[in-house]
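Input: a single structure, listed below in structure tokens.
The values are calculated or read from the model by the stated rules, or taken from the named source; none is laboratory data. Remember, predicted model here, so these are calculated numbers, not experimental data. Because the Cβ atoms are built from the backbone with ideal geometry, glycine has one as well, and the counts that use them run over all protein chains shown.
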Amino acid sequence: MVLTPLIYSLNSINTRYFNIMPTENRKQVILALLILSMILVVGAAYAYALTESEAEAKFQQLGCVNCHKEGGVAPTFDGVVDEIKDWAKEYPTIDAAVKAEHNEDSFDDLMDEMAANAGVDPSQVTDLKEFFEGVYNEAKASAGGGGGEAGGLPFSPVELGVIIVIIVIVLAIAFYLLRKK
Ligand code: HEC
């Protein structure tokens, strides 16, 4: 399984530097810690992320709908979501899509521009931005991962990096707490 090399390297780090946990079932303990930290991270990610209806409410509340409406200069919330799903089919990354379809360097830049359009601070659109990136990543994953580097996970490569860092921190704390005096 994928975790096996990870378990073995954590086990050898443990043996060399910490030498904690019963010798018998060390690997099982490490596996349990790994799984626990993954559940924590994924749970936290889902708890933090906006649901589709929360995202739509926010879109309304921030005044995005002044332009993004039926007969407006830009597509409705649902139209934007559909557009982003199409991007996932056509472009390898969300930034590549923005470069090709809009005159901006990245999705971050586009969203900063949209915040300015709506007259709100860019920090107020962070969770909407993450919601749209999630739409892109999920569409990419369900499209069979064609060129999607996140390997079918609903996370972007950057978020994946953050997740790995959090897992390492959780493991480090667990090792520290379980350390023999
Ligand atoms: C002043 C009008 C205006 C406001 C306000 C506005 N937008 Fe836009 N938005 C546009 C236009 C125009 C486009 C480009 C539409 C196109 O190319 O079909 C666009 C495109 C987008 C896109 C790219 C997807 C697409 O359909 O092209 C996203 C995502 C987006 N807007 C999000 C937002 C968010 C979030 C807000 C609120 C914080 C917002 N917009 C506020 C005018 C606006």
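Look at residue 170 and say whether it is surrounded by fewer than 18 Cβ atoms within 10 Å (Cβ to Cβ), out of contact with any strand residue (DSSP E or B) (no Cβ under 9 Å at 6 or more places or on another chain) and modelled with pLDDT of 75 or more. Answer is yes for this residue. Just to be sure before I move on: is residue 78 under 24 Å from residue 115 (Cα atoms), surrounded by 13 or more Cβ atoms within 10 Å (Cβ to Cβ) and of a type in the set (Asp, Glu) in the structure I sent? Here the answer is no, as residue 78 does not meet what is asked. When only residues in region 82-96 that are more than 9 Å from the ligand (Cβ to nearest atom) and touching a residue at least 24 places away in the same chain (Cβ under 8 Å) count, which is surrounded by the fewest Cβ atoms within 10 Å (Cβ to Cβ)? Out of the qualifying residues, it is 89.
Among the residues of region 51-70, not one is modelled with pLDDT under 95 and farther than 25 Å from residue 138 by Cα. Residues in region 47-64 that are surrounded by 17 or more Cβ atoms within 10 Å (Cβ to Cβ), of a type outside the set (Lys, Arg) and near the ligand (Cβ under 10 Å from one of its atoms): 55, 59, 62, 64.
Of everything in region 113-148 that's β-branched (Val, Ile, Thr) and modelled with pLDDT under 95, which residue is nearest to residue 88 (Cα to Cα)?
Taking region 113-148 as the starting set, the residues that turn out to be β-branched (Val, Ile, Thr) are 120, 125-126, 135.
Filter once more, so that each one left must be modelled with pLDDT under 95: 126, 135.
Details: 126: 20, 135: 9 Å.
Among those that are β-branched (Val, Ile, Thr) and modelled with pLDDT under 95, it is 135.
Being within 9 Å of the ligand (Cβ to nearest atom), assigned by TED's automatic domain parsing to the domain that holds residue 137 and at negative phi is the requirement here; does residue 78 meet it?
Numbers: within 9 Å of the ligand (Cβ to nearest atom): no; assigned by TED's automatic domain parsing to the domain that holds residue 137: yes; at negative phi: yes.
The answer is no for residue 78.
Scanning region 103-112 for residues that are modelled with pLDDT of 95 or more and either more than 23 Å from the chain's Cα centre (by Cα) or in a helix (DSSP H, G or I) (or both) turns up 107, 108, 109, 110, 111, 112.
Could you list, in sequence order, the residues of region 45-83 that are outside any helix (DSSP H, G or I) and in contact with a His (Cβ under 8 Å, 6 or more places away or on another chain)? Passing the criteria: 74, 75, 76.
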